[in-house]
Amino acid sequence: MVRTLSAGTGSALTFTNETSGATLSLRSNGAVTRSTPLEGGSNLTVSTGHNVLILFPTDVPAGPSTTLYTGRVVYTATATGDFTVLETSGASRDLCAELTS
């Protein structure tokens, strides 16, 4: 079994509401992500630190959503890219809500 570990400061990110032109910038902060393959081509991922998770209507919970998690988030991803969030701890920040307010 091959596990993947990724760690570093990440990247500075800017999100834009294309309708209003509002922007939200995040500086790069530390993050660690560990992925473990599961049967059937899925992966179990545990991310700690500062991580942005973008979810779509096919995900669980259903998106669209863009959330910054500061703490820990655990999710599975299927081979086709569908995510299921299993657990979160720490702070979460709804970036979509900030861009529409």
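Tabulated results
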{"quantity": "Top-ranked residue of the range 1-37 - restricted to ones that are over 20 Å from Asp94 (Cβ atoms) and of a type in the set (D, E, K, R), ranked as surrounded by the most Cβ atoms within 10 Å (Cβ to Cβ)", "calculated": "Arg34"}
{"quantity": "Sole residue being surrounded by 12 or more Cβ atoms within 10 Å (Cβ to Cβ), outside any strand (DSSP E or B) and out of contact with any Asp or Glu (no Cβ under 7 Å at 6 or more places or on another chain), chosen from Gly63, Gly90, Gly40", "calculated": "Gly63"}
{"quantity": "Test: residue in the range 55-71 that is under 15 Å from Ser35 (Cα atoms) and out of contact with any Phe, Trp or Tyr (no Cβ under 7 Å at 6 or more places or on another chain)", "calculated": "no"}
{"quantity": "Test: residue in the range 56-63 that is at pLDDT 95 or above and under 11 Å from the mean Cα position of the chain (by Cα)", "calculated": "no"}
{"quantity": "Those residues of the range 66-87 which are of a type outside the set (A, V, I, L, M, F, W, C) and surrounded by fewer than 14 Cβ atoms within 10 Å (Cβ to Cβ), in sequence order", "calculated": "Thr80, Gly81, Glu87"}
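The values are calculated or read from the model by the stated rules, or taken from the named source; none is laboratory data. Just so it is clear, the structure is predicted and the values come from calculations on it, not from any experiment. When we count neighbours, we look across all protein chains shown, and the Cβ atoms used for this are built from the backbone with ideal geometry, even at glycine.
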